[in-house]
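Everything on this sheet refers to the single structure shown next.
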Amino acid sequence: MSRDFSTTNSGRRRSAGLQSLFLALALPLLSAVAWAHDPPPIDFQAKLTDQHLESFVMIQARLFTAWMTAEGHECEELDADWLDANESVIAEFMHTYGPVSIDTVSVLPIIDVLDFQEGFQANDFIDYVVLTILYSTKGNAEAVTMEWHRYVDADGWPLDKAELLFGARQKLEKFQFTIADPKFTWLQPAGDEAQQPAPIVDPDAYLLEPLPETRLPMLTIGALAALVLVLPVLMLRGAGARPYIFFLATAILIGGLGANVAVVETVLPWERRDPPSEETALQIFESLHRNIYRAFDYVTESEVYDVLAQSVTDELLDETYNEVYDSLVLRNDGNAVCQVRGVERLAAKANALEPSRASIHYRWRVTGTVNHWSHSHLRTNEYTAQYELQAGQRQWRITDVDIQAQTRVDDPETAD
């Protein structure tokens, strides 16, 4: 399924807003770090909130033009109009070379601001392409990974680094992406464990280590099998010593020479993985479950399905899409759409744990905002469901769901 990257709305060129955002991100660091008067060729400034990861990116226009040309996109006159016409191309480029994962799930970029900034004296008159990219979190993220994998400058020479300033929980971290170290990872600090008692883990954690394979020399096994089958027959017929000696010598010769011939590596039937613990099963499930709601931050149906496919099996895609979509569209309020702001666990129980399967009984609360008729208000629903998880060849997926209860909660503070 192809990805049709797009932005959240039209009218991306907001110079005043960009300057305000840049100052908001940069000012907290000025007292501790002295930046050069102009940023490096590519510069990232990211801020993590409960709703999304906001990434402000500045790329020198000359470098950006070279990259777009190398990707096969005509870019002779780079300006704001060219950027507007190629938003989906730029989003796909950023996803390819600067992937972002939240709670171990790859998140597609949503371009919120896209602009061309002409050079001025303070930055040596260097033109820049500036972007603000949003990555939905749907609640307090446990882990964020940002990567960068493009290290060629405008003249085809190696680009030694890209700068990152990452802000979360009132703290800032400075990082340099390099070829040797292209990945930055932020983890929930230990002091926040009371707020987030269930850390999200990689759904692939139990699939990365394959079961041990055993080498089976088939010729040797065949020779041994022949000994077992033929020797009793010779004994019953009362054969003399010569047939015994000949047959034994032949079997030993074939078995010895065939020890490294026709070797098959296979997992023996009694090799088993240990089942995940209840805690780990719940962590895997919540990573997949939260991503279902993240999917509906995207605009096109193709994008939504691509994100959902990271959480549920192909057989469950249509059902999941329809159920969640119907829960977000308010038929009685002029088809207003509820935008999910957070997903909160209320109760959870994992059972029927097997090495590659688990059943999850889950109760959760979804809080969102509804915007219509020139105003907005909160909407809170609570759900109870039974989920089935299964580990495939590469990743865990939700394979079945039974929604058992759905309740609208006007005041979640007083709900049970």
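The values are calculated or read from the model by the stated rules, or taken from the named source; none is laboratory data. Just so you know, these numbers come straight off a predicted model, no measurement behind them. Counting neighbours? That spans all protein chains shown, and the Cβs are built from the backbone with ideal geometry, glycine included.
Below is a table of values for the structure above.
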{"read-out": "Check on residue 299, within 20 Å of the chain's Cα centre (by Cα) and at pLDDT below 75", "value": "yes"}
{"read-out": "Failed item, numbered, when residue 404 is tested on (1) over 25 Å from the mean Cα position of the chain (by Cα); (2) closer than 21 Å to residue 295 by Cα; (3) modelled with pLDDT of 85 or more", "value": "(2)"}
{"read-out": "Residue count for segment 63-88, restricted to those that are over 27 Å from residue 290 (Cβ atoms) and surrounded by 16 or more Cβ atoms within 10 Å (Cβ to Cβ)", "value": "13"}
{"read-out": "Selection count, segment 130-153, where residues are surrounded by fewer than 17 Cβ atoms within 10 Å (Cβ to Cβ), assigned to a loop (DSSP other than H, G, I, E, B) and in contact with a strand residue (DSSP E or B) (Cβ under 8 Å, 6 or more places away or on another chain)", "value": "0"}
{"read-out": "Residue within segment 91-105 that is among the acidic types (Asp, Glu), free of Cβ contacts under 8 Å to residues at least 12 places away in the same chain and outside any loop (DSSP other than H, G, I, E, B) present", "value": "no"}
{"read-out": "Any hit, segment 183-202, residues being more than 21 Å from residue 52 (Cβ to Cβ), modelled with pLDDT of 90 or more and surrounded by 15 or more Cβ atoms within 10 Å (Cβ to Cβ)", "value": "no"}
{"read-out": "Every residue from segment 110-124 that is among the acidic types (Asp, Glu), surrounded by fewer than 18 Cβ atoms within 10 Å (Cβ to Cβ) and at pLDDT 70 or above", "value": "118"}
{"read-out": "Some residue of segment 303-314 being of a type in the set (Ser, Thr, Tyr), free of Cβ contacts under 8 Å to residues at least 60 places away in the same chain and in a helix (DSSP H, G or I)", "value": "no"}
{"read-out": "Inter-residue pairs, beta-carbon under 8 Å, first closer than 16 Å to residue 40 by Cβ and touching a residue at least 12 places away in the same chain (Cβ under 8 Å) and in segment 157-184, second among the acidic types (Asp, Glu) and part of a loop (DSSP other than H, G, I, E, B), 6+ apart", "value": "159/153; 178/160"}
{"read-out": "Scan of segment 342-365 for residues that are modelled with pLDDT under 90, in a strand (DSSP E or B) and either over 30 Å from residue 276 (Cβ atoms) or not basic (Lys, Arg) (or both), ordered by number", "value": "342, 343, 344, 351, 352, 353, 354"}
{"read-out": "Failed item in (1) buried (at least 20 other Cβ atoms within 10 Å of the Cβ); (2) in contact with a strand residue (DSSP E or B) (Cβ under 7 Å, 6 or more places away or on another chain); (3) not aliphatic (A, V, I, L, M), with residue 51 passing the rest", "value": "(1)"}
